[in-house]
Amino acid sequence: MTPAEKASELYIGYWYLTNDSRFAKQCALIAVHEIVKVLWHTHNNEIEYRFWQEVKQEIERILQ
């Protein structure tokens with residue numbers, strides 16, 4: 001799965017829960033921020049860290 005696909009999957013999942021585009025985007029960003037934070041603190045795989053950073057960037061592009 002590409003970062004763009006993952007971003008879309010997260011956004012759509014939150015949109016179905018909230019039926020609000022801006023709120024769905026914020027929820028997806030919060031979720032990804034938590035994942036990135038855990039990866040940073042655990043010094044996990046750098047490739048996985050970069051993947052989630054790219055997912056965050058893709059979510060930020062939604063509704064611009």
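Listed conditions (1) assigned to a helix (DSSP H, G or I); (2) in contact (Cβ under 8 Å) with a residue 24 or more places away in the chain; (3) of a type in the set (A, V, I, L, M, F, W, C) are all met by LEU63, apart from (1). If you go through the stretch 9-19 and keep only what is of a type outside the set (A, V, I, L, M, F, W, C), open to solvent by less than 70 Å² (accessible area, probe 1.4 Å) and over 11 Å from ILE62 (Cα atoms), you end up with GLY13, TYR14, THR18.
Entry remark, the stretch 20-32: residues being open to solvent by 90 Å² or more (accessible area, probe 1.4 Å) and not hydrophobic (A, V, I, L, M, F, W, C) number 2 in total.
Got at least one residue in the stretch 25-37 being touching a Ser or Thr at 6+ places or on another chain (Cβ under 8 Å) and of a type outside the set (A, V, I, L, M, F, W, C)? The answer is no, given that none of the residues of the stretch 25-37 is touching a Ser or Thr at 6+ places or on another chain (Cβ under 8 Å) and of a type outside the set (A, V, I, L, M, F, W, C).
Residues are listed down the side, and each one gets a yes or a no for (1) free of Cβ contacts under 8 Å to residues at least 24 places away in the same chain; (2) of a type in the set (A, V, I, L, M):
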| position | (1), (2) |
| --- | --- |
| MET1 | yes, yes |
| LYS6 | no, no |
| ARG22 | no, no |
| VAL32 | no, yes |
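Which of the residues belonging to the stretch 5-64 are among the basic types (Lys, Arg) and either over 8 Å from the mean Cα position of the chain (by Cα) or modelled with pLDDT under 95 (or both)? ARG22, LYS25, LYS37, ARG50, ARG61, listed by residue number.
The values are calculated or read from the model by the stated rules, or taken from the named source; none is laboratory data. Bear in mind that the values here come from a model prediction, so they are computed numbers and not experimental data. With ideal geometry, Cβ positions are generated from the backbone for all residues, glycine too; neighbour counts draw on all protein chains shown. In case anyone asks, the SASA skips ligands and DNA or RNA and just uses the protein heavy atoms, side chains included. Shrake-Rupley method; radii C 1.70, N 1.55, O 1.52, S 1.80 Å.
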